[in-house]
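Computed from the coordinates by the stated procedures, all read-outs in this text should not be read as laboratory data. As the structure is a computational prediction, the values presented were derived from the model and not from experiment. Neighbour counts are summed over all protein chains in view; Cβ atoms, including those assigned to glycine, are modelled from backbone coordinates with ideal geometry.
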Amino acid sequence: MSEEEFIREVNEDMRHKQLMTIWKKYGVYIIIFLVAVLLFVVSRVVLKNYNEDHYRDVANQYGKVEQNIAANNMDVALRELGKLSTTDVGGYKILVAFETAKIQLEKGNRQKAIDALDKLAHTSGVDKIYRDLANFKAAMIAVDTASYDDMRVRLAPLMITGNPWEYMAKELLAMSALTAGRSAEAKSILTEIEQDLEAPEDVKTRAKEFSSVIK
C-alpha cells in the first residue's frame, strides 16, 4: 500500500467516525426518548385492563420478568419473556419484543435482538407506529453489519412521505451508504433532506452536519 493510499484510508476512517459521532450525538437520545414515551403509553393501556383475569395473569408473568431483570438474572428473564412471546395481549407483545431486544443487545447477541424486533414489526394486530418503531430500532442495530441494499429494503417503508420516521430513516440510510463506501450516494441522500421544504429545521441542520464530513 502506498503512502497516499494509506492517508486516504485514514481520512475515510476519520470521516466515518465523525459521522458516527454526530449521529450518536443526536439520534440515539431521540430514539431512547421516543421508545420510553411509547412504552409508557403501552404500559398505561395495559394497566387499564389489569382487573381482567387474563390480563392479570399476563401482568403477573411480566412482573417476574421485571424482578429477574432487577436481580440481573438476564437468562431467566429471557426465558420468562419467551413464555410471553405468544401472548395475545397486544400491549404485552410490544413490551416483550422491546425488552427481549434490549437484553439480547446488552448480551452482545445483535442478531437475536434484531430477530425479536423483526418479529414485532411483522405481527398483525399491532399498531403501525409500534411496528415501524421496531423496524427502525432493528435497522439501527443492523446498520454496521447489513449491506446497503438490505438496509435500503428495510428502510423503504419508513421513508414514505408522512411516515414519522421518514427523515431519521433517510439519515440512517445515508450512514449505511457511507459504511459501504458509497460516499456520493450518502451525500445525495443528505442533500435531498437539506432541500426538502417539509423537513424540520433541526433535521436539515443535522443533515448538513453529516454532509459536511463527507468528501
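Return the FRET efficiency for the residue pair Thr191, Asn109: r is the Cβ-Cβ distance, R0 is 45 Å, and the value is rounded to the nearest 0.05. Please list the in-between numbers first.
Numbers: r = 37 Å, r/R0 = 0.81.
Result of the calculation: an efficiency of 0.75.
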Checklist outcome for this item: Distance in Å, no decimals, from the C-alpha centre of the stretch 165-201 to the one of the stretch 60-126 is 31 Å
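FRET efficiency for Glu198 and Asp149, Cβ-Cβ distance as r, R0 = 25 Å, nearest 0.05? Spell out each step's value before the answer.
Working: r = 27 Å, r/R0 = 1.08.
Step by step, r from the Cβ atoms, then E = 0.40.
Place a +1 charge on the Cβ of each Lys and Arg in the stretch 52-163 and a -1 charge on the Cβ of each Asp and Glu, then give the dipole magnitude about the Cα centre in debye, rounded to the nearest 20.
Numbers: 15 positive and 16 negative charges, 38 e Å.
Rounded to the nearest 20 debye, it is 180 debye.
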Next on the checklist: Here is the link list: Lys83/Lys112; Lys112/Lys187; Lys64/Lys112; Lys102/Lys208; Lys102/Lys128; Lys107/Lys128. Which ones come out longer than 24 Å on Cα distance?
Outcome noted: Lys112/Lys187; Lys102/Lys208; Lys107/Lys128
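Between Ile160 and Lys64, what is the FRET efficiency for a Förster distance of 35 Å, r being their Cβ-Cβ separation, to the nearest 0.05?
Details: r = 39 Å, r/R0 = 1.12.
About 0.35, to the nearest 0.05.
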